[in-house]
Amino acid sequence: MSSSPLKEPLARAIKGEVTDDAVTCLKLSRDASLFTRIPQLVAYPKDTADVQALVVEVARARAAGAEVSLTARAAGTCMSGGSLTTSIVVGFTKYMNHVGPVGADCAYTEPGVYYRDFEKETLKKNLILPSYPASRELAAMGGIVSNNSAGERTLRYGQTERYVDELEVVLADGSLATFKSLSPEEVEEKKKLKNLEGQIYREVDTLLTENAKLIEAHRPKVSKNAAGYALWSIRDHRTGATNLAKLITGSQGTLALWTKAKLKLVTPKEHRAMLVIFLNDLALLPEIVRRVLPFEPESFESYDKHTFELAVQFLPQILSQMGFAKAARLGVDFLPEAAMVAANGVPELVLMVEFAEDTLNEADLKADALRSVLDDLHLETKIEKDEKESEKYWIVRRESFSLLRKNLKNRYPAPFIDDFVVPPQCYPTFLPKLYKLLDTYKEHMVYTIAGHVGNGNFHLIPLMDLTNPKSREVILALAPKVYDLVIAEGGTTTGEHNDGIIRTPYLTQLFGAEMVALFAQVKDLFDPQNIFNPGKKVGGTFEDIKRDMITENVH
Ligand SMILES: Cc1cc2nc3c(=O)[nH]c(=O)nc-3n(C[C@H](O)[C@H](O)[C@H](O)COP(=O)(O)OP(=O)(O)OC[C@H]3O[C@@H](n4cnc5c(N)ncnc54)[C@H](O)[C@@H]3O)c2cc1C
């Protein structure tokens, strides 16, 4: 591979490093998505000034006609291909990985901090970011904010956007801005600035005012969304405040690169109890959800029969990762379920309803009360009265996708309809249609469904042989059909994994041409030269999906 002419100028411009080392580029050609793109260069900035210098150099090269761009990368676990590029990767975890200070209810962080390290610091003050994803051991703050991630506690706490107070960002001309909540008077002051920041405030204000009805009509009706640009979140109609950090959150590095975040945190509830429901008759699911939600559980999660079977199959492997004492305890803990499976077979769905309260008694009472309310449905249930007892269910739920990724030969977990959200009230009409549709493709795939059943957010991950061109065709044939069903119920194509390469081309199907034109206007305003992660959110095509999809079952 010939060296990029930008390597030397970029290396001179920053204190950090720039490399085109083939092994590094190959490593960064993948994330947890279905795609591969080999970058030309990887830059590791040491600080915000380095990020500014990278942007200035790339903008200059772009103006001179070079086809170059910058794609931010934190931990590279994106499932939609957000962190992949054939141009320049900006890697944040190497140097820009500092947390702090942590305040009484908030923390500052750089994007390269792994969530596990962030939480270590915040827990010192008994605080957490409650929107952490299931990939909490792998992911970093850059992706958590930029994908608008969410996870098992989102039912009670909402997704990341709710916790993003301020973002320091590098704009497309290399200038620095801090986006935070501003009063109407403060916005007027910003609009007077004679730089890109001022222009952004002026034009966003006009765009939001002129298109207020259109934007409001497309505000997601489900409890979580990561599709499109969150134009509906910029203005707080209650307070009149404007916060552009809400727009940058979830924008996958397509509008600006953020270098510091101020995140709100919460004090986690101390005590937990879980009602586990082993469900064989899926027709009962909507009624169960209807009865569970008023109890306001912290989490309401599920995993299906295939996941359960996989967990049992790989139990020794899961346990071996956990050290002897924990493995021995968990192994013993799994035995009652083994007996139940031997007697009644594997349940179609395992539902986990977890209550988190200030006292153990409160949590237990809620779990007991819910069990009574479900009594007449004659369900197989179990109450786990503390976190140690419920841990095994969480392990299966959290590990399901990793298990698939690591263990299946000749089949690859293909995340393409992996994250849709529907209103839980529609389960009786939606789920039968979904299963019928999936059945018509069953010769090409088996699938597991795990997810946030309380939010209506399903992680449906088919296992496919990607060496077979027919499987790859199925991906493009099936996705729009699933989305038709989802959209008909007022749902969204992605709750937390975002658009990336895999879903950007479906934004018109979801939002319609007028909204997509607004998204393009926003992109053009922030990034007129298209230097930030091109082809994600705006401009991505079905051709991109076909061209860059992996063709090997390599895990
Ligand atoms: C096993 C497994 C389970 C998962 N479970 C969940 C889940 O429960 N919920 C969930 O939401 N996701 C989940 N994911 C997907 C993924 O882990 C999350 O979306 C995570 O937040 C991505 O973080 P990351 O650091 O790996 O981001 P990356 O992949 O590095 O980047 C993600 C996006 O953010 C952009 N970005 C990164 N840093 C910046 C920056 N500084 N400025 C601007 N843009 C930036 C990138 O360009 C890219 O578009 C899962 C993935 C795996 C492999």
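The values are calculated or read from the model by the stated rules, or taken from the named source; none is laboratory data. Everything numeric here is computed off the predicted structure, so don't read it as measured data. Every residue, glycine among them, receives a Cβ derived from its backbone with ideal geometry; neighbour counts consider all protein chains shown.
Here ASP117 fulfils each of the conditions (1) within 30 Å of PHE420 (Cα to Cα); (2) outside any loop (DSSP other than H, G, I, E, B); (3) modelled with pLDDT under 95 apart from (3). Residues in region 101-112: is at least one among the hydrophobic types (A, V, I, L, M, F, W, C) and within 11 Å of the ligand (Cβ to nearest atom)? Checking region 101-112: not a single residue is among the hydrophobic types (A, V, I, L, M, F, W, C) and within 11 Å of the ligand (Cβ to nearest atom). Being near the ligand (Cβ under 8 Å from one of its atoms) and touching a strand residue (DSSP E or B) at 6+ places or on another chain (Cβ under 6 Å) is a property that ALA140 has. What are the residues in region 513-538 that are within 14 Å of the ligand (Cβ to nearest atom) and in a loop (DSSP other than H, G, I, E, B), if any? ASP527, ILE531, ASN533, PRO534, GLY535, LYS536, LYS537, VAL538, listed by residue number. Taking (1) of a type outside the set (A, V, I, L, M, F, W, C); (2) at pLDDT below 95; (3) within 16 Å of the ligand (Cβ to nearest atom) in turn, THR77 satisfies each apart from (2). Being acidic (Asp, Glu) and buried (at least 19 other Cβ atoms within 10 Å of the Cβ) holds for only one residue in ASP465, ASP419, and it is ASP419. Flag not set for GLY81, criterion: at positive phi and surrounded by fewer than 21 Cβ atoms within 10 Å (Cβ to Cβ). Kindly evaluate VAL68 against the criterion of being part of a loop (DSSP other than H, G, I, E, B), more than 15 Å from the ligand (Cβ to nearest atom) and modelled with pLDDT of 95 or more. Considered against the rule, which asks whether it is part of a loop (DSSP other than H, G, I, E, B), more than 15 Å from the ligand (Cβ to nearest atom) and modelled with pLDDT of 95 or more, VAL68 comes out as yes. Is it the case that region 323-335 has a residue that's outside any loop (DSSP other than H, G, I, E, B) and at pLDDT 70 or above? Among the residues of region 323-335, not one is outside any loop (DSSP other than H, G, I, E, B) and at pLDDT 70 or above, which makes the answer no.
Of all residues in region 212-238, which are surrounded by fewer than 16 Cβ atoms within 10 Å (Cβ to Cβ) and either without any contact (Cβ under 8 Å) to a residue 24 or more places away in the chain or within 14 Å of the ligand (Cβ to nearest atom) (or both)? Once the filter is applied, which keeps residues that are surrounded by fewer than 16 Cβ atoms within 10 Å (Cβ to Cβ) and either without any contact (Cβ under 8 Å) to a residue 24 or more places away in the chain or within 14 Å of the ligand (Cβ to nearest atom) (or both), region 212-238 yields ALA212, LYS213, GLU216, ALA217, ARG219, HIS237, ARG238.
Inspection of region 465-488 finds no residue satisfying the criterion of being within 23 Å of the chain's Cα centre (by Cα) and outside any helix (DSSP H, G or I). When SER33, SER29 are checked against the criterion of being within 15 Å of the ligand (Cβ to nearest atom), surrounded by 17 or more Cβ atoms within 10 Å (Cβ to Cβ) and without any contact (Cβ under 8 Å) to a residue 60 or more places away in the chain, a single residue qualifies: SER29. Residues of region 367-382 that are outside any loop (DSSP other than H, G, I, E, B) and in contact with a strand residue (DSSP E or B) (Cβ under 6 Å, 6 or more places away or on another chain): ALA367, LEU370, ARG371, GLU380, THR381, LYS382.
Answer with yes or no whether GLY81 is over 23 Å from the mean Cα position of the chain (by Cα) and assigned to a loop (DSSP other than H, G, I, E, B). So GLY81 fails the test.
The set of residues in region 41-71 that are crowded, with 20+ Cβ neighbours inside 10 Å and among the polar types (S, T, N, Q) comprises GLN52, SER69, THR71.
Could you list all residues from region 129-149 that are small (Gly, Ala, Ser) and either more than 18 Å from ALA75 (Cα to Cα) or at pLDDT below 95 (or both)?
Within region 129-149, ALA134, SER135 meet the criteria.
Every test in (1) within 13 Å of the ligand (Cβ to nearest atom); (2) more than 28 Å from THR504 (Cα to Cα); (3) among the basic types (Lys, Arg) is passed by LYS7 save one, and that test is (1). Among the residues of region 81-92, which ones are of a type in the set (S, T, N, Q) and near the ligand (Cβ under 8 Å from one of its atoms)? Across region 81-92, the qualifying residue is only SER83. The residues of region 489-502 that are among the hydrophobic types (A, V, I, L, M, F, W, C) and in contact with a Lys or Arg (Cβ under 9 Å, 6 or more places away or on another chain) amount to a single one, ILE501. Scanning region 122-144 for residues that are charged (D, E, K, R) and surrounded by 17 or more Cβ atoms within 10 Å (Cβ to Cβ) returns a single hit, ARG136. Among the candidates LEU437, LEU379, the residue that is at pLDDT 90 or above and surrounded by fewer than 18 Cβ atoms within 10 Å (Cβ to Cβ) is uniquely LEU437. Can you confirm whether region 457-464 contains a residue that is aromatic (Phe, Trp, Tyr) and within 25 Å of PHE308 (Cα to Cα)? Yes, the conditions are met somewhere in region 457-464.
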